[in-house]
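Beneath this line is the structure, given in structure tokens, with notes to follow.
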Amino acid sequence: MRFANFVLGAVLSGLCACSHSRLGPTLPASHGHLSRTMAQHLDPKTEGLEVQAALGVPSHSVETSVVVEPAEAPAIFAEAVQVLSGKPTEEQVRQASADLSAACDAALTQACDYLRTNFQPPRRIAGEPPGFPEEAMRERAMAVVIVTFQLGVDGLPRHVQVLESAPYGLTEAMLTSVKGMRFQPAMLAGHPIEIPYQLQMNTRFPGAKLTPQEELEWGRTRAAHFPTSPAAWAHVARAYARDLPEDPQYERALRKLTVLAPNYWWAATELAWLHARAGRYDEAAPLARVGRKMSSHNPYALETSALVAFHQGRCQQAVQEQQQAVAKLPAKWPREEQERFQRVLTDYQRQCETAPTPASH
């Protein structure tokens, strides 16, 4: 393994983070690239969790038909928190997770924040990473293998499936490795909870650096060979966001990604942004809600939700969310972006002050 750089991670990193991510991105940049760079700035570990969240962690780890009206959400939230503050059974934890998710869906920010801050992802505590086959070493293979499974409260993988495979014995090495792994399970408010999970093996060799066009082509190849892989489509969409945001294929990739991973905040936010900029507010609204729900701490998700709300006549919500977006921008974020956010807020405030008051019935 001396000649290979081997990485085993929870999910695909896709494209490397901008080298300026801690101080802000280099402008000009697309909204999609800015929102991802912001996510990396807010939490450098987010890249290893965001697609995993799209697969159901933590708030969608339970298939549920729970629907909560906005007026009911605070009581549902309080009850779920009370359950989780005690000694709930496994089923009670699952139900509390579903209730919190439903309250978050009903636009209760507290519920969204609670899920985000009280979820602890799994951690491998036993088992070895995959061995690196000699053939892969000889061929200097640059490859990706992704497996998915259910991770139980006992920390054992079950129902392992291959989402993306690779030649040279890499897939077999990955499967052998997963069979011997054990994890500290995912936790919600300190309680173990079963979740869908995935592991990814990336292989790269020193000096192997792709051009932007090669990166895009690699993503396209992955998506073509594994069309049901959210990670492959995320690879494609991120490449377009960074390098070719005006290409019509960017929207196509985002659409595909939101179908495969409907709770992935970045894909939902950016598709909502494209729809809203094109005046398709009804299409944008449900996507903006997903972005707002899953990444309420990201100013770009808030900005997108505010834009849709404003054009749908929800002035108070638009002003409130844009104010939150402005407040959450880091002090070292590019001045041009800070000024743009403030201009939008000022415009919303001015237009909402002069908007007619809806007639009472």
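What about Ser85, is it farther than 30 Å from Thr203 by Cα and either more than 25 Å from the chain's Cα centre (by Cα) or open to solvent by 40 Å² or more (accessible area, probe 1.4 Å) (or both)?
yes
For Tyr168, indicate whether it is within 20 Å of the chain's Cα centre (by Cα) and of a type in the set (Ser, Thr, Tyr).
Judged against the criteria, Tyr168 is not a match.
Can you name the residue in segment 178-218 that is surrounded by fewer than 17 Cβ atoms within 10 Å (Cβ to Cβ) and touching a Lys or Arg at 6+ places or on another chain (Cβ under 9 Å) and, of all such residues, is nearest to Leu115 (Cα to Cα)?
Here the answer is Gln184.
Please specify each residue of segment 316-351 satisfying the condition of being outside any helix (DSSP H, G or I) and open to solvent by 80 Å² or more (accessible area, probe 1.4 Å).
Ala331, Lys332 - these are the residues of segment 316-351 that are outside any helix (DSSP H, G or I) and open to solvent by 80 Å² or more (accessible area, probe 1.4 Å).
Which of (1) in a helix (DSSP H, G or I); (2) closer than 26 Å to Thr89 by Cβ is the odd one out, the single condition Phe149 does not satisfy?
(1)
Between residues in segment 272-283 that are over 11 Å from Thr304 (Cβ atoms) and residues that are open to solvent by less than 50 Å² (accessible area, probe 1.4 Å) and at pLDDT 95 or above, which pairs lie under 6 Å by C-beta distance while being six or more apart or on different chains?
Tyr281/Val308; Glu283/His275
Please verify whether segment 154-161 includes one or more residues that are in contact (Cβ under 8 Å) with a residue 24 or more places away in the chain, under 30 Å from Arg289 (Cα atoms) and under 24 Å from the mean Cα position of the chain (by Cα).
no
Yes or no: Gly313 at positive phi and not hydroxyl-bearing (Ser, Thr, Tyr)?
yes
For segment 135-167, give me each residue that is open to solvent by 10 Å² or more (accessible area, probe 1.4 Å) and over 21 Å from Gly180 (Cα atoms).
Once the filter is applied, which keeps residues that are open to solvent by 10 Å² or more (accessible area, probe 1.4 Å) and over 21 Å from Gly180 (Cα atoms), segment 135-167 yields Glu135, Met137, Arg138, Glu139, Arg140, Met142, Ala143, Pro167.
The values are calculated or read from the model by the stated rules, or taken from the named source; none is laboratory data. Every value quoted in this text rests on a predicted model; they were computed, and no experiment measured them. Here Cβ is always computed from backbone atoms with ideal geometry, including for glycine, and neighbour counts include all displayed protein chains. What goes into the accessible areas is simple: the full protein's heavy atoms, side chains included, and nothing from ligands, DNA or RNA. Shrake-Rupley method; radii C 1.70, N 1.55, O 1.52, S 1.80 Å.
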